[in-house]
Amino acid sequence: MNMLSLIVFLPLAAAAVLAVVPSIGAAAARWAWVAVSVVELLLVGVLWAGYEDPGPNGLAFEEQVPWIPGVNSSYHVGVDGLSLPLLAMTAVVFLACAVHALRDADRPRVQAALFLFLQGVSLGVFVAADLILFFVFFDLSIVGMYFVIAGWGHGNAVRSALKFFLYTFLGSLALLLGFIGLYVAAAPHTFDIPELVAAAPLAGDPLTGGLVLAAILVGLAVKTPTVPFHTWLPPAHTDAPATGSAVLAGVLLKMGTYGFVRIAMPILPEAWRAWAWVIVAVGVVSVLYGAFVALAQTDLKRMIAYTSVNHMGYIVLALGAVGVLAEGAAQARSVAVTGAVVQMVSHGLITAALFLLAGVMQDRAGSYDMGSYGGLAAPAPRYAALFAVGAFASLGLPGFSGFIAEFQIFAGSVAVAPVTAVALVGILVTAALFLRALQRVFTGPAAGHTPGFEDLRAPELWSAGPLLGLSLLIGVLPRVLLEVIEPASAALVGLVGR
């Protein structure tokens with residue numbers, strides 16, 4: 001079996017075993033989840049160590065097997081510099097969630113099976129090189145997350161899960177419509193992504209190309225989510241369990257932006273250039289809207305949810321700027337793409353850690369209301385220190401991965417489209433909202449739920465801590481990540497610019 005197939009199907013096989021063998025005990029199920037996640041991370045590490053750039057429109061560790069020959073769809077998997085970092089980030093986030101859930105006593109066998117299923121299909125999205133295969137994994141991730149929110153959430157979890165499912169499933173239908181449009185336009189008809197990239201099937205047909213791109217963009221924008229398709233996100237995050245929020249923000253949102261760089265931009269370069277200013281505008285609005293609405297929140301988890309709209313907006317802004325053709329700006333556009341991919345990884349690590357840490361409040365006191373706490377640093381110094389690190393990492397402080405990402409995003413975007421500099425206000429507002437949250441919750445006299453608040457336990461410390469440690473490592477030594485991404489970014493810019 002190909003290494004990528006093993007990485008995708010090992011957690012799916014483990015999930016099936018846990019689901020159908022009821023005699024597996026609670027402790028065994030939790031540790032099996034951790035063990036499989038550790039093996040997954042090791043396999044991705046081996047993949048990373050053996051990775052060599054495959055060149056423009058090439059894939060490393062490629063495997064292709066006929067699947068639905070009647071429509072020229074195959075089981076086609078592979079990775080490049082755009083997908084390998086997201087594969088690694090996904091493995092890290094799921095391992096962190098497995099560790100965090102070690103003390104969870106609520107149906108641990110079913111929970112472990114569901115998260116392993118979600119892990120397998122999430123990894124499948126990032127290795128798929130066929131549109132139908134991509135769509136299958138993309139849709140299954142929606143199903144998995146629905147059951148996570150509905151089954152282990154709190155508050156109005158069932159309603160939030162239903163809203164999440166309906167919004168994102170309708171988005172996926174628009175995505176499928178766009179994929180069918182690409183299939184019909186291709187000659188010969190195919191769903192194979194590298195073949196479609198090479199053929200650019202709708203080149204020279206701006207009307208049809210624009211309509212197909214619009215369908216794909218709507219489907220991916222719902223998942224990302226960008227304004228105005230973001231309304232499912234805050235309730236889903238607020239009512240999801242901590243591990244569910246970590247996976248939703250850390251991994252599932254990236255499927256939308258990854259679809260931009262893997263499908264929309266290289267297959268429909270002319271349409272992407274035609275829509276570039278619209279995409280830039282959506283990115284800028286998402287950045288500013290997400291930051292200002294987050295600033296108004298009193299619920300800590302809801303605040304973090306809106307910062308995701310803000311941070312994902314940076315990615316959309318950068319990718320839109322790539323379509324704004326400027327004379328001699330290939331290098332700047334490549335920097336913008338690199339920054340966007342680094343932001344996907346950075347946001348995944350940092351926001352997953354913040355949601356795991358926010359979950360501690362629900363576990364201890366059943367409340368995310370920032371006004372219900374005060375002086376929390378006194379009884380919970382480890383919690384305060386780790387949350388402060390997460391907050392500073394999220395606001396883009398130098399030394400963390402967020403700074404590397406945002407610096408490249410703005411360096412590349414402003415060089416191509418100077419108007420994007422207006423989104424820099426979002427960084428200032430993000431700094432204000434995190435500093436205000438730290439002040440309200442952790443400083444001053446003890447108040448509300450603070451007396452008797454227990455500090456971080458080992459699973460909570462060893463789940464969020466390594467995620468923030470990786471963000472620090474990328475911020476200090478970005479070269480390890482950048483040398484994988486940069487060749488693929490340059491290749492993508494070459495395709496969009498043709």
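The values are calculated or read from the model by the stated rules, or taken from the named source; none is laboratory data. Keep in mind that what you see is a predicted model, and the values were worked out from it rather than measured. Using ideal geometry, Cβ is built from the backbone for each residue, glycine included, and neighbour counts are taken over all protein chains shown. To get the accessible areas, we keep the full protein, side chains included, count just its heavy atoms, and leave off ligands, DNA and RNA. Shrake-Rupley method; radii C 1.70, N 1.55, O 1.52, S 1.80 Å.
What to note about this one:
- When the residues of region 175-212 are filtered to those that are over 13 Å from residue 132 (Cβ atoms) and among the β-branched types (Val, Ile, Thr), the one that is surrounded by the fewest Cβ atoms within 10 Å (Cβ to Cβ) is 184.
- Condition broken by residue 318, with the remaining ones in (1) open to solvent by 10 Å² or more (accessible area, probe 1.4 Å); (2) of a type outside the set (Ser, Thr, Tyr); (3) closer than 23 Å to residue 270 by Cβ; (4) touching a Ser or Thr at 6+ places or on another chain (Cβ under 7 Å) satisfied: (1)
- From the options 420, 430, 351, residue that is outside any loop (DSSP other than H, G, I, E, B), over 23 Å from residue 233 (Cα atoms) and β-branched (Val, Ile, Thr): 420
- Selection status of residue 262, under 25 Å from residue 200 (Cα atoms), in contact with a Gly (Cβ under 7 Å, 6 or more places away or on another chain) and either among the polar types (S, T, N, Q) or in a helix (DSSP H, G or I) (or both): no
- Residues of region 463-481 that are surrounded by 15 or more Cβ atoms within 10 Å (Cβ to Cβ), more than 18 Å from the chain's Cα centre (by Cα) and assigned to a helix (DSSP H, G or I): 465, 472, 473, 475.
- Counted residues, region 237-259 - those being open to solvent by 10 Å² or more (accessible area, probe 1.4 Å) and outside any helix (DSSP H, G or I): 1
- The set of residues from region 435-462 being part of a helix (DSSP H, G or I), open to solvent by less than 60 Å² (accessible area, probe 1.4 Å) and touching a residue at least 60 places away in the same chain (Cβ under 8 Å) comprises 437, 441, 442, 459, 460, 461.
- Unique residue being among the aromatic types (Phe, Trp, Tyr) and surrounded by fewer than 21 Cβ atoms within 10 Å (Cβ to Cβ) when the list is 400, 407: 407
- Checking 341, 345, 389 one by one, the residue that is in contact (Cβ under 8 Å) with a residue 60 or more places away in the chain, within 21 Å of residue 495 (Cα to Cα) and either open to solvent by 30 Å² or more (accessible area, probe 1.4 Å) or among the hydrophobic types (A, V, I, L, M, F, W, C) (or both) is 341 and no other.
- Residue check, residue 148 among the hydrophobic types (A, V, I, L, M, F, W, C), open to solvent by 10 Å² or more (accessible area, probe 1.4 Å) and farther than 30 Å from residue 483 by Cβ: no
- Listed by first and then second residue, the pairs linking a residue in region 1-22 that is more than 11 Å from residue 77 (Cα to Cα) to a residue that is surrounded by 14 or more Cβ atoms within 10 Å (Cβ to Cβ) and polar (S, T, N, Q), with Cβ atoms under 6 Å apart and 6 or more places separating them unless they lie on different chains, are 11/119.
- Within region 96-114, not a single residue is open to solvent by 30 Å² or more (accessible area, probe 1.4 Å) and under 18 Å from the mean Cα position of the chain (by Cα).
- Consider region 279-302 and keep the residues that are assigned to a helix (DSSP H, G or I) and more than 22 Å from residue 406 (Cβ to Cβ). The one that is farthest from the chain's Cα centre (by Cα) is 300.
- Among residues of region 182-204, those that are assigned to a helix (DSSP H, G or I) and over 18 Å from residue 55 (Cα atoms), counted: 4
- Candidate set from region 15-44 (those that are open to solvent by 40 Å² or more (accessible area, probe 1.4 Å) and under 24 Å from the mean Cα position of the chain (by Cα)); member that is farthest from residue 109 (Cα to Cα): 42
- Taken together, the criteria exclude residue 179 from residues that are aromatic (Phe, Trp, Tyr) and either under 17 Å from the mean Cα position of the chain (by Cα) or not in a helix (DSSP H, G or I) (or both).
- Residue in region 370-392 that is over 23 Å from the mean Cα position of the chain (by Cα), closer than 28 Å to residue 265 by Cβ and assigned to a helix (DSSP H, G or I) present: no
- Among the residues of region 68-95, those that are over 18 Å from the mean Cα position of the chain (by Cα) and not hydrophobic (A, V, I, L, M, F, W, C) comprise 69, 70, 72, 73, 74, 75, 76, 78.
- In summary, residue 8 fulfils each of the numbered conditions (1) touching a strand residue (DSSP E or B) at 6+ places or on another chain (Cβ under 9 Å); (2) under 26 Å from residue 495 (Cα atoms); (3) at pLDDT 95 or above with the single exception of condition (2).
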